[in-house]
Amino acid sequence: MRATPRNPKPSLPRRSLIRALGGGAAAAAVGALASGCGVPAAYVAPGDRAATDRSGSDKRLVFANWPLYIDVDDDDPSKRPTLDAFQRQTGIDVKYTEEINDNDEFFGKISPSLMNHQKTGRDLIVISDWMCAKFVTLGWVQEMDRARQPHVTKYLDPLLRSPHFDPGRKYTVPWQSGITGIAYNKRRVGREIKHVSDLWAADLKGKVTLLSGLDESFALLMQGNGVDITRWTPDDFHHVCDQVEKLVKSHHIRRFTGNDYIKDLSSGDVLACQAYSGDVIQLQADDPDIEFVVPEEGGELWAESLMIPNLADHKRNAERLIDFYYRPEVAAELATWVNYVSPVPAAREILADSKDKDTAALAEDPLIFPDDTMRARLAIARDITSKERPELAKRWNAIAGL
């Protein structure tokens, strides 16, 4: 197991914005898909989603993931210990590709096949839940057979079991999870930050950044206003925009960022910012003064999830691999390397029993296994519907300068 914190995020942020107006293959595709009565033109009915499953006779599958989002051997980066173990135990050969660098880009790559009822050449993909919502709504992914996934049924974190876009997680299973909260330099700020409103203190003027992506930023800001993000309204959104617009005009907000807030916080150019829990683990390894806080009003819990695309040739093999990663001992091994919030809380006990001091310490890290106090503040935001997105994206992009 890898005990050294590792930041798996690539240079292009995973949780990036779909630019619903002006730019991006995914944006154009999403706009083109919407039709009258709220029914997408490219919707695929449940009976048309499955191909003949070749899993019994063809022991393989194709798995598309993000770069640096799986454990690797410290001495041989070409080896992936958990994936190698799955292949040895099952005899299923896995073609693993690190081809997903951005949700929009990947949507644009495979959407022509899916909307035209063609195979994508992939049996398993991992994308951010807000993008998963589009695939589920369009009927582009297959319902999983939970009878073949007893570990998913038993060990999936209750907080992640029923997001708004996929009640009961019939079509998606979290690969890893994370939290959007606030990161700040406690020594330089000179006090604790406990609330979203603390970001607007006068002495932080020009030293605060927000995330630029609509899907990444809006929920935490709403939570600061006391909004239940599982059922937010467009009025809640526009109220946040009014607040942020004033803060931009007064130069209180320094700028809007992608993952480059990491550099600003490390250098001291920024004292407090919206941040992802997984990034802060790496920052803390270099600077123990960096703190991550889930505000008392709440923080956004999100996931990047596994899905089986329509017409996949090896559905049962893919279901089997998903369930393998929900074995607590396997989830623990993955957690020690990627350092995101594990969707398998039972993995904590595995790590806690480790004889390796650094590995055992990870079991006590609330950014990998949130404690009860933190968990009580976490919520999964209702996704932005295709009908809402154009208006909301136009408003937010104008403020963020996108």
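With springs connecting C-alpha atoms under 10 Å apart, model the chain as a Gaussian network and identify which of A376, A318, A303 has the largest mean-square fluctuation. The residue that fluctuates most here is A376. For L124, the residues whose modelled amide H falls within less than 5 Å of its own, excluding neighbours fewer than 5 places apart on the same chain, are V62, A64.
Residues in the range 394-399 carry Karplus couplings, in order, of 4, 5, 5, 4, 5, 6 Hz; the curve used is 6.51 cos²θ - 1.76 cosθ + 1.60 with θ = phi - 60°, and Gly or Pro positions show x.
In this calculation the C-beta distance from E329 to R148 is compared with R0 = 22 Å, giving a FRET efficiency of 0.70.
The modelled label-to-label distance between K263 and D58, using points 7 Å beyond Cα along the C-beta direction, is 4.4 nm. Per residue, the solvent-accessible area of the chain (1.4 Å probe, heavy atoms of protein chains only, all protein chains present) comes to 40 Å². Percent antiparallel among DSSP beta bridges with both residues in the chain, to the nearest 5? Once the DSSP bridges in the chain are tallied, antiparallel ones form about 60 percent. Electrostatic bookkeeping for A312 treats Lys and Arg as +1 and Asp and Glu as -1; over the other residues with beta carbon under 11 Å from its beta carbon, the sum is +2.
FRET efficiency for the pair H238 and D76, taken as 1/(1 + (r/R0)^6) with r the Cβ-Cβ distance and R0 = 45 Å, rounds to 0.30.
Across the alpha-carbon set of the chain, the Rg to Rh ratio works out to 0.96, Rh being the Kirkwood radius. Could you pull out every one of the aspartates and glutamates with an alpha carbon less than 14 Å from that of K205, ignoring same-chain neighbours closer than 8 positions? Candidates past the 8-residue exclusion: D269. FRET efficiency for the pair R188 and E364, taken as 1/(1 + (r/R0)^6) with r the Cβ-Cβ distance and R0 = 35 Å, rounds to 0.85. Note on K170: lysines with a C-alpha under 28 Å away, same-chain residues under 8 apart excluded, are K9, K59, K95, K109, K119, K134, K154, K315, K387. Note that the range 256-269 has calculated 3J(HN,Hα) couplings of 10, 10, x, 6, 6, 4, 4, 5, 5, 5, 5, 7, x, 5 Hz, one per residue in order, obtained from phi through the Karplus relation 6.51 cos²θ - 1.76 cosθ + 1.60 (θ = phi - 60°); glycine and proline are x. Calculation over all alpha carbon pairs of the range 286-402 in 5 angstrom steps from 0 returns a P(r) of 2, 9, 14, 14, 15, 15, 12, 10, 6, 2, 0 percent.
Couplings for the range 148-159, taken from phi via the Karplus curve 6.51 cos²θ - 1.76 cosθ + 1.60 with θ = phi - 60°, read 8, 10, x, 6, 4, 4, 7, 10, 4, 3, x, 5 Hz in order; Gly and Pro are left as x.
For the chain, adding -39500 (n - 2.57) for each run of n ≥ 4 DSSP H residues and dividing by the number of residues yields -10000 deg cm²/dmol at 222 nm. Spatially, the range 331-358 and the range 230-292 are offset by 28 Å when compared through their Cα centroids.
The values are calculated or read from the model by the stated rules, or taken from the named source; none is laboratory data. Since the structure is predicted, the reported quantities are computational estimates derived from the model, not experimental observations. FYI the Cβ positions are ideal-geometry reconstructions off the backbone, even for glycines, and counts take in every protein chain you see. The area values use the complete protein model at the heavy-atom level, side chains included, leaving out ligands, DNA and RNA. Shrake-Rupley method; radii C 1.70, N 1.55, O 1.52, S 1.80 Å.
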